[in-house]
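Read the structure below first, then the notes.
Just so it is clear, none of the values below were taken in a lab; they were calculated from the coordinates. Worth saying up front: this structure is predicted, and the values here are computed from it rather than measured. Backbone-built Cβ (ideal geometry, glycine too); neighbour counts: all protein chains shown.
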Amino acid sequence: DAGVIQSPRHEVTEMGQEVTLRCKPISGHNSLFWYRQTMMRGLELLIYFNNNVPIDDSGMPEDRFSAKMPNASFSTLKIQPSEPRDSAVYFCASSLTGGEAFFGQGTRLTVV
Amino acid sequence: AQSVAQPEDQVNVAEGNPLTVKCTYSVSGNPYLFWYVQYPNRGLQFLLKYITGDNLVKGSYGFEAEFNKSQTSFHLKKPSALVSDSALYFCAVRDLGGGSYIPTFGRGTSLIVHP
């Protein structure tokens with residue numbers, strides 16, 4: 001398996017624009033996590049899906065952030081409108097329920 | 001509730017010397033513990049885990065971790081450090097009796113191995 005695949009690897013956008021980050025989890029994994037990593041705040045969990053259903057979205061910063069998982073092999077994280085403070089590295093990770101998570105390479109988002 | 005602490009932001013060690021990266025945890029039930037490593041501009045990579053059994057767990061790249069229930073610790077160790085081990089290390093815990101499948105990560109410890 002190629003592991004967790006995220007796209008794009010880098011994204012630079014202007015404030016106010018919509019940004020969509022994409023994730024393909026490892027085949028057979030039924031849990032999916034979106035994390036955000038910054039120097040100041042470390043690694044933050046944004047949302048957790050199990051069997052394509054959002055279970056815990058308490059980490060989603062505000063209504064500008066939304067995440068979907070339309071099927072077992074694809075998830076998106078959308079920011080609309082984007083702001084400079086959203087600049088961070090966003091990671092997607094997948095696992096079997098309760099097991100160790102496997103992380104993608106991340107998307108480095110810069111909002112100018 | 002579950003929590004994990006990595007008391008050191010940075011650990012410095014000379015190449016060839018043993019290394020220890022510390023982790024302590026708090027859970028209501030039994031812990032499920034993990035260590036991950038993150039190299040620059042990469043995602044976190046799983047190193048090893050502890051659920052039950054032998055308190056000394058062996059993982060990737062020669063790393064091992066020792067589970068100590070009385071001290072609620074799960075320190076990462078390696079007998080002989082390499083310069084290439086320099087990276088950011090994360091400890092994580094999940095409470096097996098807590099009903100949640102979401103692990104809690106520590107803030108990370110930067111390991112620097114000097115030649």
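Structure above, values below:
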| item | result |
| --- | --- |
| Among B:Asp85, B:Asp54, B:Asp95, residue whose mean-square fluctuation peaks in a GNM of chain B (springs only between Cα atoms under 10 Å) | B:Asp54 |
| Using alpha carbons only: equivalent-ellipsoid semi-axes of chain B, gyration tensor based, whole Å | 24, 14, 12 |
| Phi-based couplings in Hz for the stretch B:51-64 (Karplus 6.51, -1.76, 1.60; Gly and Pro marked x) | 10, 7, x, 4, 5, 9, 10, 9, x, 6, 6, x, 7, 9 |
| Amide H contacts of B:Arg107 (H built 1.01 Å from N, under 5 Å, at least 5 apart or other chain) | B:Gln6 |
| Mean Cα-pair separation over length for the stretch B:1-111, i.e. relative contact order, pairs under 8 Å, 6 or more apart, % | 38 percent |
| Cα→Cβ-extended label distance, 7 Å offset, between A:Asn52 and B:Ile112, nm | 4.9 nm |
| Sparsely packed trypsin sites (Lys or Arg not before Pro) within the stretch A:29-112, loop by DSSP, other Cβ within 10 Å at most 11 | A:Arg41 |
| Estimated FRET transfer efficiency (B:Asn68, B:Thr20; beta-carbon r; R0 22 Å; 0.05) | 0.95 |
| Long-range amide H partners of A:Asp56 with built H, under 5 Å | A:Tyr48 |
| Paramagnetic reach from A:Gln80 (point 7 Å along Cα→Cβ, amide N under 12 Å) across the stretch A:8-42 | A:17-21 |
